[in-house]
Amino acid sequence: MEPLVDTLIEDARWNSAGIEDLAEAAARAVMETHGLPPEGYEISLLACDDRRIAALNEDFRGKPVPTNVLSWPSEERGAEADGATPHPPRRGVGGMPAELGDIAIAYETCAREAEEHGKAMADHVTHLLVHGMLHLLGYDHIRDRDGDLMEATEVRILAKLGVNDPYEWTGARRAPDELERDDGR
């Protein structure tokens, strides 16, 4: 079985966090939820540190600060109507997987957020990976109903992975500021 996620580990701390296994499990759950065969697609993941993600955040968003996760879809897949399901990606042809896009995730920010919110690092990272992967599939949270759809989809996927609803602690059905505004979308 070919991996769905091509992971580049720049920060060795991600090895002990099991980032490759977490990313593969998250990606396969996202694809399964959408009825997409994993063998037809590929996702690139950069597991880095705060310094690197801050540089990426500045280059692509004009914000020279670290963030938890950034995502770059290979093409626009978002729905035109607020709250509608995004357009599914085309499958690769000729035995080549279709590239869904790139994700970067920062160790220090993830570790700090997990600690601040009393969550297991693996659960928090899994949530952020699912969140980033949904962006690659065209989900977003800029418009209210799109945000509701994205959150509900995240919660459903995370439940399949044995991860509790990450929004319960907020007391609201909206993502925390770190996810809502600083995830690269």
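Give the accessible area for H124 in Å² (nearest 10); use a 1.4 Å probe, count only protein heavy atoms, and leave out ligands, DNA and RNA.
H124 exposes around 10 Å² with every protein chain in place.
For R51 and R156, compute 0.36 nm times the residue count separating them, minus their Cα-Cα distance, and round to one decimal in nm.
Numbers: separation 105, 0.36 × 105 = 37.80 nm, distance 3.24 nm.
Length gained between R51 and R156: 34.6 nm.
Pop out the ³J(HN,Hα) list for region 57-69 in order, Karplus 6.51 cos²θ - 1.76 cosθ + 1.60 with θ = phi - 60°, rounded to Hz; leave Gly and Pro as x.
4, 5, 4, 9, 10, x, 10, x, 10, x, 9, 7, 8
How do M1, M121, M96, M31 stack up against each other in accessible area, from largest to smallest, with a 1.4 angstrom probe?
M1, M96, M121, M31
Order 145-152, 133-140 from most to least packed using the mean count of other Cβ atoms within 10 Å.
Per-residue Cβ counts within 10 Å, averaged per peptide and sorted highest first, yield 133-140, 145-152.
Tell me, what is the per residue accessible area of region 1-144 in Å², probe radius 1.4 Å?
Using a 1.4 Å probe on heavy atoms only, each residue of region 1-144 averages 48 Å².
Starting from the Cα-Cα distance between E10 and R61, subtract it from 0.36 nm times their residue separation and give me the gain in nm to one decimal.
Between E10 and R61, full extension yields an extra 16.2 nm.
Tell me the net charge near L36. Cut-off is 13 Å between Cβ atoms, L36 excluded, with +1 for each Lys or Arg and -1 for each Asp or Glu.
+1
Mind listing the phi-derived Karplus ³J(HN,Hα) values for region 126-138, rounded to whole Hz, using 6.51, -1.76 and 1.60 with θ = phi - 60°, and x for any glycine or proline?
Ordered by residue, 3J(HN,Hα) equals 4, 4, 5, 5, 4, 4, x, 5, 5, 4, 5, 8, x Hz.
Before rounding to the nearest 500, sum -39500 (n - 2.57) across all DSSP H runs of length at least 4 in the chain and divide by the residue total; then give [θ] at 222 nm in deg cm²/dmol. Don't skip to the answer; put the middle values down first.
On the way: 7 runs with 80 residues, N = 185.
My calculation for the chain gives -13000 deg cm²/dmol from helical runs alone.
Spelling out what I want: for every residue of region 78-86, take phi, set θ = phi - 60°, compute 6.51 cos²θ - 1.76 cosθ + 1.60 (Karplus), and round to whole Hz; glycine and proline get x.
x, 7, 6, 8, 4, x, 7, 5, x
Given (1) 0.97; (2) 0.93; (3) 1.12, which label gives Rg/Rh (Cα atoms, Kirkwood Rh) as computed from the coordinates?
(2)
The values are calculated or read from the model by the stated rules, or taken from the named source; none is laboratory data. It should be emphasised that the depicted structure is a prediction, and the values quoted were computed from it without experimental measurement. Ideal geometry is used to build each Cβ from the backbone, glycine not excepted, and the neighbour counts take in all protein chains shown. Remember, those area values only see protein heavy atoms, side chains included, never the ligands or the DNA or RNA. Shrake-Rupley method; radii C 1.70, N 1.55, O 1.52, S 1.80 Å.
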